[in-house]
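Presented below is the structure to which this report refers.
The values are calculated or read from the model by the stated rules, or taken from the named source; none is laboratory data. Keep in mind the model is a prediction, meaning the values are calculated, not measured. For neighbour counting, all protein chains shown are included, and Cβ atoms are generated from backbone atoms with ideal geometry for every residue, glycine included.
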Amino acid sequence: MPPKIKPRLTIRRLFLLVFLVGLGCFSNLIPADSSQSETTKEQRNRPTKPDLGTKTPKEDTKGFTIGVNVDLVVMHTSVYDKNGLFVSGLKQDNFKVYEDGIEQKISSFSQEDVPLSMGLLIDLSGSMRTRIDKVNSAALAFIRASNPEDQVFLIGFNEEVELLQDYTNDIDEITDSLENTIVSGGTALYDAVYLGVQKTHAGSKPKKALVVITDGEDKDSYYSLDEMVAKVQESDVQVFAVGFLSAIPDKGLFGRFNKSAPEKARDALQRICEETGGKAFFPKDISEMGAIVAEIAHELRNQYSIGFTSSNSTRDGSWRRMKIELNAKDMKDIHVRCRRGYYAPKSSNQ
């Protein structure tokens, strides 16, 4: 029998063998789908998606992003002077409305005390323990200063978000809920705002607002800041915030590019409020709380409602940037605050 011929292990074959062995080892170190692995890891580390778990009032069938029907857009607008005092007595001719830089024709105008669907979001994290009694008292004072026909609900949040009181105009029900609050745990601020906006938007009153009282940076939310801001933008809810934040530390020349926790919290609250035409307050002491909630209640009851039918009739769901100006030469020290924009409706076939 002729001897078997063994294949020669040439340099070329040796190189190929080493390459294949190395490739096999490397493939074992990397998942088959690295993007899927990253997503799975992120989902595993993400908190549980929050849910208030209760039914909300039937949404007003006339409502849409901002307005009373799918054609009329209504901007609830605050006008104040350099001292922060509300300016009353203005007429329709005093205002100019712009959508994406194009002036719009005002079709409705009023300054009336319109009933609200309104939510109160109160931080019940452990760090609020020394403030909670005065916060609760201020919350009750705020409700008493509001329109008696307002619908009000109460949400408490720490690392979880809980509906403490569903929509009501009974001050006694709100009082009982506030008296039974328990302060402990972390802070899921973004979740609270997200769910609060969602619930307020579903309210039946023509005007909607949310008041958030907190003392810290978000640490425990399922939703990110950008997700929460997107939710705010697509709603017609004005957000006001009261933030009892720590003093911003002096970081020196080289530390100014890294934001501290108080800076991040302040930026988040300001961003939410500015998008909606609301306002963020940062008191240095709890004793300022009473004056702040009185100012918010007064503003909500004294806003101008300016309506227009957009000259852009395209129903494409696009973001429309809004701006309102005062049409008067002697009003250089008078300021206007309204929401930054709205999403156009979509056609039924989109």
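Counting only residues that are crowded, with 21+ Cβ neighbours inside 10 Å and of a type in the set (S, T, Y), which one in segment 89-146 is farthest from the chain's Cα centre (by Cα)? Per the stated criteria, the residue is S146.
This table checks each residue for (1) assigned to a loop (DSSP other than H, G, I, E, B); (2) aromatic (F, W, Y); (3) in contact with an Asp or Glu (Cβ under 8 Å, 6 or more places away or on another chain).
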residue	(1), (2), (3)
G216	yes, no, yes
D220	yes, no, yes
V229	no, no, yes
V232	no, no, yes
R271	no, no, no
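Of all residue pairs spaced 6 or more apart or on separate chains, those with beta-carbon atoms under 6 Å, a first member in segment 273-285 that is more than 20 Å from I248 (Cβ to Cβ) and a second member that is of a type outside the set (D, E) and surrounded by fewer than 16 Cβ atoms within 10 Å (Cβ to Cβ) are E275/R340. Does any residue of segment 194-209 turn out to be basic (K, R), in the same structural domain as G277 (by TED's automatic domain parsing), crowded, with 18+ Cβ neighbours inside 10 Å and part of a helix (DSSP H, G or I)? Taking every residue of segment 194-209 in turn, at least one turns out to be basic (K, R), in the same structural domain as G277 (by TED's automatic domain parsing), crowded, with 18+ Cβ neighbours inside 10 Å and part of a helix (DSSP H, G or I). Count of segment 322-350 residues, restricted to those that are touching a Gly at 6+ places or on another chain (Cβ under 6 Å), closer than 12 Å to E275 by Cα and outside any loop (DSSP other than H, G, I, E, B), is 2.
To keep it simple, each residue is scored yes or no on (1) within 18 Å of K205 (Cβ to Cβ); (2) modelled with pLDDT under 95; (3) outside the structural domain of I213 (by TED's automatic domain parsing); (4) among the acidic types (D, E).
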| site | (1), (2), (3), (4) |
| --- | --- |
| P57 | yes, yes, no, no |
| G63 | yes, yes, no, no |
| V70 | no, yes, no, no |
| L85 | no, yes, no, no |
| K91 | no, yes, no, no |
| Q104 | no, no, no, no |
| S107 | no, no, no, no |
| L124 | no, no, no, no |
